[in-house]
1. How many residues does segment 200-227 contain that are out of contact with any strand residue (DSSP E or B) (no Cβ under 6 Å at 6 or more places or on another chain) and free of Cβ contacts under 8 Å to residues at least 24 places away in the same chain?
2. Mind checking whether some residue in segment 209-230 is closer than 25 Å to Asn103 by Cα, within 16 Å of the ligand (Cβ to nearest atom), open to solvent by 60 Å² or more (accessible area, probe 1.4 Å) and at pLDDT below 95?
3. Kindly list, by first and then second residue, each pair from a residue in segment 103-118 that is farther than 19 Å from His72 by Cβ to a residue that is more than 8 Å from the ligand (Cβ to nearest atom) and in a helix (DSSP H, G or I), limited to pairs with Cβ atoms under 8 Å and residues at least 6 apart or on different chains.
4. Of these, Leu38, Leu11, Leu29, which one is in a loop (DSSP other than H, G, I, E, B), of a type outside the set (D, E, K, R) and open to solvent by 40 Å² or more (accessible area, probe 1.4 Å)?
5. Quick check: is even one residue across segment 159-169 within 12 Å of the ligand (Cβ to nearest atom) and under 22 Å from Leu8 (Cβ atoms)?
6. Taking Gly128 and the conditions (1) open to solvent by less than 30 Å² (accessible area, probe 1.4 Å); (2) under 13 Å from the mean Cα position of the chain (by Cα), which numbered condition does it fall short on, given that it satisfies the others?
7. Report, by residue number, each residue of segment 95-112 that is within 6 Å of the ligand (Cβ to nearest atom), not in a loop (DSSP other than H, G, I, E, B) and not β-branched (Val, Ile, Thr).
Amino acid sequence: APATVDELAALLAAHPQARIVAGATDVALWVTKGLRDLGTVIFVGDIAELRRIEESEAGLTIGAAVRYAEAHRALAALHPDLGELVRRIGGLQVRNAATIGGNIANGSPIGDGPPALIAMDATLTLAGADGRRTIALADYFLDYGRQDRRSGEFVESIFVPRPHASDVIHIAKLSRRFDSDISAVCGAVRLRVADGAIVAARVAFGGMAATPRRAAACEAALTGQPFAEATITRAADALAGDFTPLTDVRGSAAYRRQAAASVLWRMWHRAAGRDVSVRDVEAIGA
Ligand SMILES: Cc1cc2nc3c(=O)[nH]c(=O)nc-3n(C[C@H](O)[C@H](O)[C@H](O)COP(=O)(O)OP(=O)(O)OC[C@H]3O[C@@H](n4cnc5c(N)ncnc54)[C@H](O)[C@@H]3O)c2cc1C
């Protein structure tokens, strides 16, 4: 249990096979459900440098070992949808232990933090005995179970740029149960709109591919176009070229395709002032 980042780097250099443990909300299941032997573990929760949140004009820097409950307020201040997303991660007990670094490092295709943070253009700083490097979060996820983390490296922090006032942002977690459930689809859209035109588009999804990923064809269909219903129709259609989702217990491929398109439509309707509460059951008064 190192107390500093330098100690962690030295320990990882000496034990490159060691398993980093933060909140253990993923790792512990490998033991209790998978009956795996973790071997050497390095606990990062005592490292004050990894537990800091720094707010600036430019955005938020969140240490990898910051727990979701601790980052909730700062993320909600950046954009209310980020706050609502955090409220949908696990239950309170999980959010009190689960770290943002663990959510990213775990590399799950259905982790909820990554799609939203990718859409915000977040960057990831990785550190190790050889120094540190910063990459776009979107580039961290290489393939299923494979991330851009070199031997001896650890996730040090994540930087989330402050969105512009004109950014249209919509983040939606779609799961069978409202609380403490795994996403079927988690989508995030951020459009920069100027004079009625979309000058930049970021669209990212979890649950649609082997990794959390940007939707390149959808983004291309939005960029440079009027912020208008016809553009959203084309962008929603373009999603078919971006993803070939799986059918599993959380949803069929057809459901996932439709749910992903609905994230764009929710964004559009909300921008027009209509209610798109994810608790539709309340909206219809049931
Ligand atoms: C009941 C329950 C509900 C859940 N609900 C959700 C949910 O709604 N949404 C969601 O996204 N997830 C959910 N999870 C999954 C989990 O809580 C998150 O992925 C969490 O953020 C993982 O963080 P952790 O600190 O617990 O990671 P750990 O379990 O400690 O580690 C996870 C992985 O990340 C690695 N790691 C951790 N920190 C670092 C670091 N600094 N550098 C490099 N590697 C590192 C570990 O080695 C391991 O591979 C749930 C889990 C449970 C048990």
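1. Residues meeting the conditions: 2.
2. no
3. Within 8 Å, the pairs are Ile118/Leu137; Ile118/Ala138.
4. It is Leu38.
5. no
6. Exception for Gly128: condition (2).
7. Correct list: Gly101, Gly102, Asn103, Ala105.
Table: residues versus (1) in the same structural domain as Trp268 (by TED's automatic domain parsing); (2) in contact with a helix residue (DSSP H, G or I) (Cβ under 7 Å, 6 or more places away or on another chain); (3) within 30 Å of Ala13 (Cβ to Cβ).
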position	(1), (2), (3)
Arg133	no, no, yes
Asp139	no, no, yes
Tyr144	no, no, yes
Gly152	no, yes, yes
Val155	no, yes, yes
Ala172	yes, yes, no
Ser175	yes, no, no
Cys186	yes, yes, no
Arg190	yes, yes, no
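The values are calculated or read from the model by the stated rules, or taken from the named source; none is laboratory data. These numbers come from a predicted model, not from an experiment. All Cβ positions, glycine included, derive from the backbone under ideal geometry; neighbour counts span all protein chains shown. All accessible areas refer to the heavy atoms of the entire protein, side chains included, with ligands and DNA or RNA removed. Shrake-Rupley method; radii C 1.70, N 1.55, O 1.52, S 1.80 Å.
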